[in-house]
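First the structure, in the form of structure tokens, and then the observations on it.
Derivation of every value follows stated rules applied to the coordinates shown; laboratory data play no part. What you see is a predicted model, and the numbers here were worked out from it, not measured in a lab. Virtual Cβ from ideal backbone geometry, glycine too; neighbours counted across all protein chains shown.
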Amino acid sequence: MHSYSPRDGHRLAHDPLNSIVAPRPIGWVSTVAEDGTRNLAPYSFFNLFNYRPPIVGFSSTGHKDSVSNAEATGEFVWNLATRSLAGPMNETSASVGPEVDEFALAGLTPEASALVRPPRVAQSPVAFECRVTRIQELTDVQERGVGAWLVLGEVVQVHLEESLLVDGVFDTLAADPLLRGGGPADYFTISAGSRLRMTRPDAR
């Protein structure tokens, strides 16, 4: 076994943590600044945390524009990153100034949301409009800030492409979600051959 204490370093060519906790859904988050400037950025530390009410969240290494905008306006939109949107999604990961509109940078169309100010990505088949419930800097065991901010938001409106609904069930495979893997450049998709079905014991 290769064992190590993270505080002492992993002694490998690349930190294995994000290769192990993988693949991960991508938090493709759109926000607006107080002056109306649009922002769109992908976060690989993203997930769903609660059913009722639905709460999603992303973590940002550094207090970036998405965090600042969500903090200032109390709103953000999550957009599903799909295989067909891999190129534009990657373009929105560029380190640019807060005055840059990543929708324009990546050639994406902003579509007005129903309940929040940030637009959704028109080309994305799924979007969650969210209102911020908590923003908190993460800490280590000594309660020292680590320079990463967790943003949680309640989903207040959901948009689903109707072609992805089969007999009332969302077809994850047909949506073709893009998932983040490990290493500096690895992404994954899912296939029918990788599907495994199991019923929970209490649901049998």
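Given a Förster distance of 30 Å, report the FRET efficiency between residue 50 and residue 199 from their Cβ-Cβ distance, rounded to the nearest 0.05.
Values: r = 23 Å, r/R0 = 0.76.
That pair, residue 50 with residue 199, gives E of 0.85.
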With viscosity set to 0.692 mPa s at 37 °C, what whole-number translational diffusion coefficient in µm²/s follows for region 13-189 from Stokes-Einstein and a Kirkwood radius over Cα pairs?
198 µm²/s
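Give me 1, 89, 198 sorted ascending by neighbouring Cβ count inside 10 Å, so fewest comes first. Write down the numbers at each step before the final one.
Numbers: 1 3, 89 24, 198 6.
The order, fewest Cβ neighbours first, is 1, 198, 89.
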Whose amide H sits under 5 Å from the amide H of residue 123, counting only residues 5 or more places off or on another chain, with H placed in the peptide plane?
109
What residues qualify as long-range amide H neighbours of residue 186, i.e. H under 5 Å apart, gap of 5 or more or another chain, H built at 1.01 Å from N?
181
Looking only at Cα atoms, what is the convex hull volume of region 3-75 per residue, in Å³?
132 Å³
With θ set to phi - 60° and the Karplus curve 6.51 cos²θ - 1.76 cosθ + 1.60, what are the ³J(HN,Hα) couplings of region 191-200 in order, to the nearest whole Hz, using x for Gly and Pro?
9, 4, x, 8, 6, 10, 9, 9, 9, 4
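Quote the relative contact order of the chain in percent (integer), defining contacts as alpha-carbon pairs under 8 Å separated by 6+ residues. Numbers along the way, then the final one.
Numbers: 403 pairs, mean separation 47.8, N = 204.
Reported relative contact order: 23 percent.
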Short version: ³J(HN,Hα) in whole Hz for each residue of region 105-118, in order, from phi by Karplus 6.51 cos²θ - 1.76 cosθ + 1.60 (θ = phi - 60°), x for Gly and Pro, what are they?
4, 9, x, 9, 9, x, 10, 4, 7, 8, 10, 10, 6, x
Which ³J(HN,Hα) values, rounded to whole Hz and listed in residue order, are derived for region 168-174 from phi using the Karplus coefficients 6.51, -1.76 and 1.60 in 6.51 cos²θ - 1.76 cosθ + 1.60 with θ = phi - 60°, glycine and proline given as x?
x, 10, 5, 8, 4, 4, 5
Distance between the C-alpha centers of region 1-20 and region 53-120? Whole Å please.
30 Å
